[in-house]
Amino acid sequence: MHRRLTVVMMLVCVCSMLACRSGSSQTELGPDELARLDAIESAIASDEIGRALDLATEFVNDYPETIDSWTVYGRLQQYTGDLSSAREAFERAAELNPDEPSSWHELGNIAVAEQRYGDAVSAYRRGASQQSGPQLWHGLGRAYMEIGETDSARVALEKANELDAGYPGSRAALSELYERSGEIEKAISSMWEAQSLDEESIVYRSELGRLLVIGNRPAEAMVWLEPLLEYPPVRSQTLFAMSRALRQLGREEEANHFAEQFQIVSEREAEIFRLEERVRLNPRSIPDRLSLADEYRKLGDFSQAIAQLLVVERMTEPNEGLNRNLAALYLAAGDSARSAARTAAADSLGR
């Protein structure tokens, strides 16, 4: 999967900080600090990512000893794709309170995104020693999988299941572990459990369909795969599984159609991955971000295209073209109110 963060996810992260304190050893936030978090939340909700990041920068400058300032700043930098700045922010938060597990969790996530799996293991283990929730153990298990330590991965993922029987992520990861060891029926069973715990997850449905194809159960696979065609962007993996399932059912012409679609989408996904890597290495590259937004648009992933243009907006002067592109993307995503607002802004700039 691509490293993707949405505005909604970012808003949830900031809102959760307003609802409760993450570090018990920290003093409560004062009125000014809470007001700053409110302002950042409001900017994110309005898609003013540039303003949100500016406010977060002011927050860390004025309150450098507050974990929350570094956490919000780090998450916003993650959103923009500046993983280096995000890593530095969470390292600072961890220095301020080494016993706060969320900082180690984020450091582990960033290390995974940068393919530094040994560092990810270290960060997740440090956080897991401070917290009994499943997320850190799930992250630890996946990091162990990436470095080939399957026994350690299984122990960590089973620990995550033990801590929270309702957490689907660890079951999905265990499914992948079973698949790697050739235990397809166990993989199907584990993914079925993950899907039942999160019935809205398109990823889990797609994975379940793909595994059923591998298990030579094409009719069952089609039950899960076919409805996914109604939820763009359709992943290349889903298209490949559809092609295989149809071929198993003897529907060759349809199978060939989906094989062709798989080729087109997989090439686009590969280009997206290449551009994501370029953005990670140079977060301020406007041409790369514009190209990435266009590839997301072609794929039908309008929310991610919008996210890239919102970051570009912070790095450029207000201009008519960017607002018109955002208006078109919002309309394609079904957000007519924001589309109208962007059209009005473009008209104003064009006068």
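Read-outs throughout are calculated quantities, based only on the coordinates presented, and are distinct from any laboratory measurement. For clarity, every value in this text was computed on a predicted model and none was experimentally measured. A quick note on method: Cβ atoms are made from the backbone with ideal geometry, for glycine too, and the neighbour counts reach across all protein chains shown.
From the largest down, region 206-315 spans 52, 21, 19 angstrom on the principal axes of its Cα atoms. The mean sequence separation of alpha-carbon pairs under 8 Å and at least six residues apart, normalised by the residue count of region 98-199, gives a relative contact order of 19 percent. Among F273, F59, F90, sorting on how many other beta-carbon atoms sit within 10 Å of each Cβ, with the fewest leading, yields F273, F59, F90.
Sparsely packed loop sites in region 135-238 (the GluC sites (Glu not before Pro) outside DSSP H, G, I, E and B with at most 16 other Cβ atoms within 10 Å) comprise E149, E183, E199, E200. Taking the convex hull of the alpha carbon positions in the chain and averaging its projected area over all directions gives 18.6 nm². With R₀ set to 41 Å, the beta-carbon distance separating E267 from D62 gives a calculated FRET efficiency near 0.30. Inter-label distance, S132 to A219: 4.7 nm, where each label sits 7 Å from its Cα along the C-beta direction. Each residue, D32 and E230, gets one label point 7 Å from its Cα in the Cβ direction; the gap between the two is 5.4 nm. Distance between the 7 Å Cα→Cβ label points at E317 and E260: 4.7 nm. Using only alpha-carbon positions in region 98-199, the gyration tensor eigenvalues give semi-axes of 23, 15, 10 Å once each is multiplied by 5 and square-rooted (largest first). Over the chain, Cα pairs under 8 Å with separation of 6+ residues give a relative contact order of 10 percent. Taking packing as the residue-averaged number of other Cβ atoms within 10 angstrom, the listed peptides 246-257, 110-121 run from highest to lowest as 110-121, 246-257.
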